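What follows is a single structure, written as structure tokens, with notes after it.
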Amino acid sequence: MKFFAIVASVFFLEGVCGFSSLSLQESLLKKSYAATKLFASFDNVEQPKTGSSVASATSKQKKKKLQTFSRYLEVESWKRGPAARDLEPVLRSVGEACKQINRIVQRAQTDDLYGVAVDAQGKPLEDTNIQGEVQQKLDVVCNAIMLKQFCGSSKGIIAAVASEEEDLPRTCPDVMGDNAFAVGDYVAVFDPLDGSKNIDSSMPVGTIFGIYKCTPGTKPTESTFLQKGNEMVAAGYCLYSATTVLVLTMGSGVDGFTLDPGMCI
């Protein structure tokens, strides 16, 4: 009985995995049927019906109806009104940042990005982040990506940013080196690569981000970054593991997206 259960389970999984060759399926079916017949005389097991098994194995799997991240943002921005439309280019840039960081994480070993960050002379940096952790090479690289993507996504939206890797918030003119980025109604907070020490063990790592709205008519101050979590207008994370996943909420529901390396999100 145990042998029959194992053979049946294997056959079922092979069918689900989407083998399209009918001759291969029939061959597998015959082998599994022969194995059960061999042990049936001992266990009095009723023989499976060949026709129904073939029908089950050859049934086509339905493809998911997928929506790209860009299309999702386009639809949601019009559903939610002007505030969401303001954030559309910013969130697109977050998606782009996640793709860039994903490539860097995958190539960390081959591009020598493991270990503690070093200066121009190759000496380990003594800097620590706000949590008191020694900065890793990946922390520095990913922090630069997130800073540029948030501040450079569109003029007049993000005014300032705060990163876990830096002691104080920074204005976007400081990040971009251009006063044209001084105006904005929002600020962004983020951890560019949470768990970066795990990367040399092939453990999952992730990017965490949130966006707050500034008080109308005022410039960002420290208190702008210290608002309650439920006052965020958007928040989410990117998880880099066996698959790369971006999860986002804009205050009503949570949506997730899986990166397809063959196409843009």
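Remarks
- Cα gyration tensor, region 179-258 - rounded (a/c under 1.5), prolate or oblate: prolate
- Loop sites in region 174-247: trypsin sites (Lys or Arg not before Pro), DSSP, at most 16 other Cβ within 10 Å: LYS228
- Table column - 3J(HN,Hα) (Hz), region 97-105, Karplus curve with 6.51, -1.76, 1.60, x for Gly and Pro: 4, 4, 5, 5, 5, 4, 5, 5, 4
- Loop-located chymotrypsin sites (Phe, Trp or Tyr not before Pro) across region 145-224 with a Cβ neighbour count of 13 or fewer within 10 Å are lacking, with loop assigned by DSSP.
- Couplings 3J(HN,Hα) of region 188-203, computed from phi: 10, 10, 6, 10, x, 8, 6, x, 4, 5, 7, 5, 6, 9, 6, 8 Hz, in residue order, whole Hz [Karplus 6.51 cos²θ - 1.76 cosθ + 1.60, θ = phi - 60°; x for Gly and Pro].
- With 24 Å as the limit on Cα-Cα distance, the pairs of LYS99/LYS148; LYS65/LYS155; LYS99/LYS155; LYS79/LYS213; LYS197/LYS228; LYS99/LYS219 that go past it are LYS65/LYS155; LYS197/LYS228; LYS99/LYS219.
- Principal axes of region 131-173: Cα extent on each, largest first, Å: 34, 18, 12
- Vicinal HN-Hα couplings computed from phi for region 205-214 (Karplus, 6.51 cos²θ - 1.76 cosθ + 1.60; Hz; Gly/Pro x): 9, x, 10, 10, 8, x, 10, 10, 9, 6
The numbers here are math on the coordinates, done by the rules we state, and not lab data. Keep in mind that this is a model prediction, so the values were computed, not measured. Note that each Cβ is placed from the backbone with ideal geometry, even for glycine, and that neighbours are counted across all protein chains shown.
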